[in-house]
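Peer 1: Sharing a structure below in structure tokens format, with a few things to ask.
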Amino acid sequence: MGITDVLEKILDKISGESIKLGEVIKILESRGFGPLLLAPALIVMLPTGAIPGIPSICGIIIFLIAIQILFGKKNPWIPTKFKEITLEREKLACGIEKVKPAIRKLDKWFKPRLTFLTEEIAKRVLALLCAIVGLSMIPLEVVPFAAALPALAVSLLAVGLITEDGAIVLFSVIAFLISLYFIIASFLF
């Protein structure tokens, strides 16, 4: 199932004029972890990652999300206040229609393959790596953009989870290993 299919599934599940964010996350099932990991990782990779405090906050968020995956949660936990946010069907449908052409192009690149890397055991191991690099962003904050490399690893993992593409997950493992080497080398030398 491609991202386009997931977006259409969300629209199909809306029975009334609106849908709550909590319901959208349930529809996404375990794929819901991907966007939640991707957002803070992208913030660290962008120029906002040079703002003092941002890598630490994003790293803590990544850690908290990764811990949920590590402990086997099927859907991401988000505060009730956020679950209750209501999205209007018309606006959501309009937004989805606007992004569909780009998403369809992405669906051609990212597809379910090497799916054993997106299954439960692999996800938990990757979540542990994700939690470690998330916390590593805190001390890396002292060097501008040093946290961008771990954030890239998290971003690749997030895309792999969203698209169920094990090849992208494999690239994220390589990025995690390079990040861990960089982190260890930074603190030892």
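Any read-out appearing in this document is the output of simple, stated calculations on the displayed coordinates, not a laboratory observation. Note that the structure is predicted; figures quoted are calculated from it, not measured. Cβ sites come from the backbone with ideal geometry, for glycine too, and all protein chains shown count toward neighbours.
Peer 1: Of everything in segment 166-177 that's surrounded by fewer than 23 Cβ atoms within 10 Å (Cβ to Cβ) and not aromatic (F, W, Y), which residue is nearest to L117 (Cα to Cα)?
Peer 2: The qualifying residue nearest to L117 (Cα to Cα) is G166.
Peer 1: Can you pull out the residues in segment 142-182 that are outside any helix (DSSP H, G or I), over 20 Å from I67 (Cα atoms) and not small (G, A, S)? Spell out the reasoning first.
Peer 2: Of the residues in segment 142-182, the ones outside any helix (DSSP H, G or I) are 142-147, 164-165.
Those still in the list that are over 20 Å from I67 (Cα atoms) too: 142-146, 165.
Once the filter is applied, which keeps residues that are outside any helix (DSSP H, G or I), over 20 Å from I67 (Cα atoms) and not small (G, A, S), segment 142-182 yields V142, V143, P144, F145, D165.
Peer 1: Name the helices (runs of 4 or more DSSP H) wholly inside segment 53-141 in which the number of residues that are among the acidic types (D, E) and within 30 Å of S18 (Cα to Cα) is 3 or more.
Peer 2: Hits in segment 53-141: 89-109.
Peer 1: Is one or more of the residues making up segment 120-137 crowded, with 20+ Cβ neighbours inside 10 Å, within 22 Å of P55 (Cβ to Cβ) and over 14 Å from the mean Cα position of the chain (by Cα)?
Peer 2: yes
Peer 1: Here's a follow-up. So if I check each of L149, L87, L180, which one is surrounded by 12 or more Cβ atoms within 10 Å (Cβ to Cβ) and closer than 30 Å to I27 by Cα?
Peer 2: L87
Peer 1: Being surrounded by fewer than 19 Cβ atoms within 10 Å (Cβ to Cβ), more than 22 Å from D165 (Cα to Cα) and out of contact with any strand residue (DSSP E or B) (no Cβ under 9 Å at 6 or more places or on another chain): is that true of G53 here?
Peer 2: Taking the combined requirement at face value, the residue satisfies it.
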